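The numbers here are math on the coordinates, done by the rules we state, and not lab data. For clarity, every value in this text was computed on a predicted model and none was experimentally measured. All Cβ positions, glycine included, derive from the backbone under ideal geometry; neighbour counts span all protein chains shown.
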Amino acid sequence: MSAAACLPDSVQVFERGWLSANNILFDDGDSAALIDSGYFSHAPQTVALLHEALGGRPLARLINTHSHSDHIGGNAAVQAAFGCEITVPAGMLAAVQNWDEDALLLSVAAQQGAPFRADHALAAGESFVAGGLVWQAHAAPGHDMDALVFHNPERRILISGDALWRDGFGILFADVLGTGDGVGEARRTLEAIARLPVEVVIPGHGAPFVEVDDALERAFGRLRAFEEDGARIARNAIRACITFTLLDRREISIEELTTHLAEVPLYREANARFLGLGAEALTDWLVQDLVRAGVARRDGEQLLVA
């Protein structure tokens, strides 16, 4: 059975690519609810998508899976446009209320976000109703230590955020920054997901999928590789976050990239803790890696989105 066939009509997925996380819109009849809002620079597009999909109905609630910029970046714009209440995982409530850009990894990774009003906190073990279905919140630390996933046992649907994708999971920031055991927590999260009755996964990035066992096998395989070679975690973080920046900016000079890698805390820590490369060597490795992967192309002293 296809993923689309597993999803009820009350659940609509906006697959947004890699700069913005997917948005999931729930139809509750005379109102609606949304999971995650995408990135800051995509906020006008997110609002336009919602206006079209809602057709004049109110958006009552916005619920976040976790606190990273590609999931909360549109919160302020969506709240301003629709007057919705926002629910965040309990562990990130204080960071949002105080707008702590370090805790939200905005300043740490040189990403953007706009302050918003968090009206409610959601904790693991609690549940909510959206799209006519009851969703149970489960703790999903690893990529984000305060992250939640949402599971509907009746239809066997999992909204996984960045805890599980078709081909892996999100960056393990805690290991890169030396603030926690992201690998261990991610393993426990994947083991917990494997125990849930799940037929279809709606991930934070990529299309919904039904190949749940295959996805879990690949995710565990990636964890084993990280455990065997910590430098893989650092390279993955640098590669993914610079790709994110390049997608947002469209191009960057090689000189500016070198400075960026040296000044942004995430890259500075990743290199210092795991790689130990000089500034030019780090830039050379990254540029070659991105070009080889087809993510970017080099034009003289400029690096551009491929």
- Item | Within the range 158-176, backbone nitrogen closer than 19 Å to the virtual label 7 Å beyond the Cα of Ser127 toward Cβ | 158-160
- What translational diffusion coefficient, in µm²/s and rounded to a whole number, does the Stokes-Einstein relation yield for the chain at 20 °C and a viscosity of 1.002 mPa s, taking the hydrodynamic radius as the Kirkwood radius over Cα pairs? 109
- If you put +1 on each Lys and Arg Cβ and -1 on each Asp and Glu Cβ, how big is the dipole of the range 231-305 around its Cα centre, in Debye rounded to 20? 420
- Take the Cα of Asp248, step 7 Å along the line toward its Cβ, and report every residue of the range 10-36 whose backbone nitrogen sits under 11 Å from that point. 19-20
- Based on the Cβ-Cβ distance from Asp28 to Asp181, what FRET efficiency comes out when R0 is 45 Å, to the nearest 0.05? 0.70
- Message: To the nearest 20 Debye, how big is the dipole of the range 7-159 about its Cα centre, given +1 on the beta carbon of each Lys and Arg and -1 on that of each Asp and Glu?
- Response: 140
- Query: When the Karplus curve 6.51 cos²θ - 1.76 cosθ + 1.60 is applied with θ = phi - 60°, which whole-Hz ³J(HN,Hα) does each residue of the range 200-211 get, with x for Gly and Pro?
  - Reply: 9, 10, 9, x, x, 9, x, 6, x, 9, 10, 7
- Before anything else, pin down the relative contact order of the range 231-305: Cα pairs under 8 Å, at least 6 apart, normalised by residue count, whole percent. 41
- Message: Please report the net charge: other residues with Cβ closer than 14 Å to the Cβ of Ala124, K and R +1, D and E -1.
- Response: -3
- Task: Fewest Cβ neighbours within 10 Å first, please rank His151, His71 accordingly.
- Result: His151, His71
- Note on the structure: Semi-axes of the range 126-218 from the Cα gyration tensor (sqrt of 5 times each eigenvalue, largest first, whole Å) come to 22, 15, 11
- Item | Likely footprinting exposure, Ser20, Ser69, fewest C-beta neighbours within 10 Å first | Ser69, Ser20
- Would you kindly calculate the translational diffusion coefficient of the range 150-306, applying Stokes-Einstein with the Kirkwood radius from alpha carbon pairs, for 20 °C and a viscosity of 1.002 mPa s, and quote it in µm² s⁻¹ without decimals? 127
- Taking a ≥ b ≥ c as the square roots of the eigenvalues of the Cα gyration tensor, with a/c under 1.5 meaning rounded and otherwise prolate when a/b exceeds b/c and oblate if not, the range 209-254 is oblate
- CD proxy, 222 nm, the chain: helix-only mean residue ellipticity via -39,500 (n - 2.57) per DSSP H run with n ≥ 4, per residue, nearest 500, stands at -11500 deg cm²/dmol
